[in-house]
1. PRE reach from Asp54 (point 7 Å along Cα→Cβ): which of segment 326-343 fall under 14 Å by backbone N?
2. Please work out whether segment 360-477 counts as rounded, prolate or oblate from its C-alpha gyration tensor, where a ≥ b ≥ c are the square roots of the eigenvalues and a/c under 1.5 means rounded, while otherwise a/b larger than b/c means prolate and anything else oblate?
3. Roughly speaking, what is the stretch gain from Phe385 to Arg248, that is 0.36 nm per residue apart minus the C-alpha to C-alpha distance, in nm to one decimal?
4. Take the alpha carbon atoms of segment 97-124, find their center, do the same for segment 402-455, and report the distance between the two centers in whole angstrom.
5. Using a 1.4 Å probe over the heavy atoms of the protein chains, calculate the carbon and sulfur portion of the accessible area of segment 417-463 as a whole percent.
6. Given Lys76/Lys156; Lys445/Lys494; Lys102/Lys169; Lys295/Lys416; Lys227/Lys433, which pairs have Cα atoms separated by over 23 Å?
7. Take the alpha carbon gyration tensor of segment 159-288, find the square roots of its eigenvalues, order them as a ≥ b ≥ c, and report rounded if a/c is under 1.5; if not, report prolate when a/b exceeds b/c, else oblate.
8. Leaving out ligands, DNA and RNA, and with a 1.4 Å probe, what % of the accessible surface on segment 277-392 is carbon or sulfur?
Amino acid sequence: MIHRTGKRAKHTTKPYTAENKTVDKMEEEDDDTLVDKEEVNVKSTPAIKKNDFDIGKWMENRAKYIPLRLHIEERKMLRLLESALNVSEYTDHIDNESHTSKAKRIVSQIKELCAVLTGLVLACDYKRGQELFAERTFDENEQFFQRIFEIGRRHKIMNPEKMRSAYGKLMYMLSDSMIPEVQEMLGFSCVAPILTVYEFLKERRGLGVLREDIIILATREIIPEGKSRSQIQAEIRRKEKSIEQLSRKYQSKYLSADEIRHCLYSIGDNNAYLRENRDPCEKMIHYLDEYFNPKEESEDEYSLSIAAGAQGHRLSHDHETQYIYVNQTLKLWREILNEMFMLWTLADQDMLSTSNPYRLSQTGQGLHRIQPCPAVSREMHRTLFKAQKKAGTWIGSSVIHLGDKNVPNALIFIDKYNQVSRILGPICLTLDKMDELTNHEGGKKFLERKFGGVDECRKAILADFFRGAFDGSGADNFYDAGSCIDGRCSQIEKKPYFPVFLLTGFFGFDGGGWS
């Protein structure tokens, strides 16, 4: 059609491509937008500087250890696995003294678990169950069992608070299944590598997604604290547009747009994990720097000095030494939790190695499987060296306990550092919400009458925690009292600041207590 009059007479044509369509869509604004485009640009994520570091290489390295988020069908299989593990008594039958062959007991228990899974699949979906198991043996369904066990391991890494008891049974069973004698008797392998974002994209020729600078925007977590509703909505729109742009650009016959979105959401899950687990360490470091000075010891009530034998302390530190000790410990925890997905993958490798046997032994905390952790140990020594280099001065033990009576195996190591956020999280929540109490007249009067104000209350809680949770009391002797998870938060109900915890929404420590 030819436009002969008006502004349309000046229109020019341009070839239509999918890229143009993406750009046009990115530039569209909704009529009900609550902010101007200028406000979006000012308040959202800072501009990415490509010259600072290689974003693509950094993201690829991260993606190698980020498990792929489960989809609907995998979640159904996960529920079946959890149901089977919950009724299993695997460790009770295997980790005991018995006259029968241990290899035979292991094979019997694994086949029993597989039989339970088979029955559950048939009960939930008879047609699918018939297709899988009709006139077929366990070894002929090797891929099915490998997949369902891999789903359980992948889900646990993404959700450390899930499968508390079931995961231990699963890992010990899979570890036993890798014993050469057992594998020969069993007739099939139960273990498959954990599916990561990197491997998923690599198989489908889609690694280019990870090399785009805009992936930072597409995977960032939207944090609502301290932001207006309009700013939050603007950030959400910007994130969704970035995801849409990447999925349209890299979709192909090997990789669909939905699969790209799934990978981006999986990386976003990792960012959410870091905020939940690593960031409490950052907050506590900030509070330590804000309320305490290593060179100026305040009055006894707020002094960080501790003496061995007094109030259950195992170490003796003056105020400055304890300040440095607490600071270095929090920074070490931060480094470890920042690389937790990688450490978890290495722990998985150590436990499921065919050349890494374990032995049963009484550790003083019950009967445990003591198993070397070479891969985790190498990475932990690198992490410790990095933390020591940053700290300059290191106080306390530098020994990394792995494969001994303190940390018998990689599973215990993972569980140990999962406790950090369960201890620090509730404390940070109370400290952060304390200012809100002053919005109510009663809360304000209570804090002023009992502690002298919000800052004094906050300082009292921090001083008590930094003295009691970093005193080496979590170890059996002086030589084991290093920068470990020594925090104890029991008997908090006897503390004078316990009502403050309750008023800010505290309901318990998931990881223990401090005395």
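1. none
2. Values: a/c = 2.91, a/b = 2.24, b/c = 1.30.
It comes out prolate by the Cα gyration axes.
3. On the way: separation 137, 0.36 × 137 = 49.32 nm, distance 4.30 nm.
The span from Phe385 to Arg248 would gain 45.0 nm if fully extended.
4. Answer, in whole Å: 42.
5. On the way: 890 of 2050 Å².
Carbon with sulfur: 44 percent of the solvent-accessible area.
6. From Lys76/Lys156; Lys445/Lys494; Lys102/Lys169; Lys295/Lys416; Lys227/Lys433, over 23 Å: Lys295/Lys416.
7. Oblate is the answer for segment 159-288, as a/c is 1.5 or above yet b/c matches or exceeds a/b.
8. Here carbon and sulfur together make up 47 percent of the probe-accessible area.
The values are calculated or read from the model by the stated rules, or taken from the named source; none is laboratory data. None of the values given here were measured: they were computed from a predicted structure. With ideal geometry, Cβ positions are generated from the backbone for all residues, glycine too; neighbour counts draw on all protein chains shown. Surface areas here come from the heavy atoms of the whole protein model, side chains and all, with no ligands, DNA or RNA. Shrake-Rupley method; radii C 1.70, N 1.55, O 1.52, S 1.80 Å.
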